[in-house]
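Structure record follows, encoded as structure tokens.
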Amino acid sequence: MRLQFEQNLGNLKDRLLVMAGMAEHAIQRAVEAYQARDLSICDLVDYGEQAIDHMEREIDEMAIDLLATQQPLAYDLRFTLAVIKINGNLERVGNAAGSISDHVRSLQTLPQVDLPVDISQLASLAQGTMRDALRAFIETDGDRAQSLLSGGDRMDQVHKTTYLLLSSLIERQPELIPQALNTMMIARALWRVAGHAKSIAEDVIFWVRGADVRSHMQHAGDGWTN
């Protein structure tokens, strides 16, 4: 029975890692769609978001079935609960990619202009934060997860600067409001990706250490800054 249980846990982890790869790929494609203004890439993002939604349901069902039939204790219970929460955050990363895709479609209907912001930098920071969080999960590394939460947040700084620059542009050149607002929302989606990555790091700490650090950390809320 224990051997079967461990195999089920392994299968659950494997499926979550597939989900993680899909979410990372979705963000990468969405950023590529923005950079290239390529609607065919937007289509791929949209298809990928549907696949992510399907995978989320599959993983939740696996985890709930394991909880109901195996009744894991302590460490294994925390792992299963962490998988459920990480799964939800990965689905939200897919949603963020879909949001970027939607705004790229909107930008495609507008005259293309040069804006005083670097979306590529935001994308790099968001993707790097996600990679660090997932590596912490793969390696069962609570220290790496804690470092991700405790470190200075360059993402917040760049995101705030992006918002201020675009707000100033809107005041100076109101004719560029549509382009600026769509770009703001793309920046916000990338910022939220970093926030979801931090939530994954919190879940890793909960799994590995049995510590709930959510009440001590703030990230990716409803406002523009923490």
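Taking the condition in a helix (DSSP H, G or I) and without any contact (Cβ under 8 Å) to a residue 40 or more places away in the chain, does Leu164 pass? Here the answer is yes, as Leu164 does meet what is asked. When the helices (runs of 4 or more DSSP H) confined to segment 45-159 are screened for residues that are farther than 19 Å from Ile200 by Cα, those reaching at least 3 such residues are found at 74-108, 119-138.
To keep it simple, each residue is scored yes or no on (1) over 15 Å from the mean Cα position of the chain (by Cα); (2) under 26 Å from Ser167 (Cα atoms); (3) of a type in the set (Phe, Trp, Tyr).
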{"residue": "Arg29", "(1), (2), (3)": "no, no, no"}
{"residue": "Ser40", "(1), (2), (3)": "yes, no, no"}
{"residue": "Ile52", "(1), (2), (3)": "no, no, no"}
{"residue": "Ala68", "(1), (2), (3)": "yes, no, no"}
{"residue": "Gly88", "(1), (2), (3)": "no, no, no"}
{"residue": "Gln112", "(1), (2), (3)": "yes, yes, no"}
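Exactly one residue among Glu175, Glu171, Glu202 is touching a Lys or Arg at 6+ places or on another chain (Cβ under 8 Å) and either part of a helix (DSSP H, G or I) or without any contact (Cβ under 8 Å) to a residue 24 or more places away in the chain (or both), and that residue is Glu202.
Based on what the data block shows, is Leu12 surrounded by 13 or more Cβ atoms within 10 Å (Cβ to Cβ), at pLDDT below 95 and under 22 Å from Phe206 (Cβ atoms)? The answer is no for Leu12. Looking at the structure I just gave you, is Gly88 surrounded by fewer than 20 Cβ atoms within 10 Å (Cβ to Cβ), closer than 15 Å to Ala197 by Cα and at pLDDT 95 or above? So Gly88 passes the test. Does Asp46 count as surrounded by fewer than 21 Cβ atoms within 10 Å (Cβ to Cβ), over 19 Å from Leu12 (Cα atoms) and either under 22 Å from the mean Cα position of the chain (by Cα) or free of Cβ contacts under 8 Å to residues at least 12 places away in the same chain (or both)? Spelling it out, Asp46 is indeed surrounded by fewer than 21 Cβ atoms within 10 Å (Cβ to Cβ), over 19 Å from Leu12 (Cα atoms) and either under 22 Å from the mean Cα position of the chain (by Cα) or free of Cβ contacts under 8 Å to residues at least 12 places away in the same chain (or both).
A single entry from Phe5, Phe79 fulfils the requirement of being aromatic (Phe, Trp, Tyr), surrounded by 14 or more Cβ atoms within 10 Å (Cβ to Cβ), modelled with pLDDT under 95 and farther than 19 Å from Ala189 by Cβ: Phe5.
In segment 49-61, the condition of being touching a residue at least 12 places away in the same chain (Cβ under 8 Å), more than 30 Å from Ala211 (Cβ to Cβ) and not charged (D, E, K, R) is met by at least one residue. Within the set Val104, Val31, the sole residue that is over 19 Å from Ala136 (Cα atoms) and in contact with a Phe, Trp or Tyr (Cβ under 6 Å, 6 or more places away or on another chain) turns out to be Val104.
The values are calculated or read from the model by the stated rules, or taken from the named source; none is laboratory data. Everything numeric in this text was worked out from a predicted model, so none of it was measured. Using ideal geometry, Cβ is built from the backbone for each residue, glycine included, and neighbour counts are taken over all protein chains shown.
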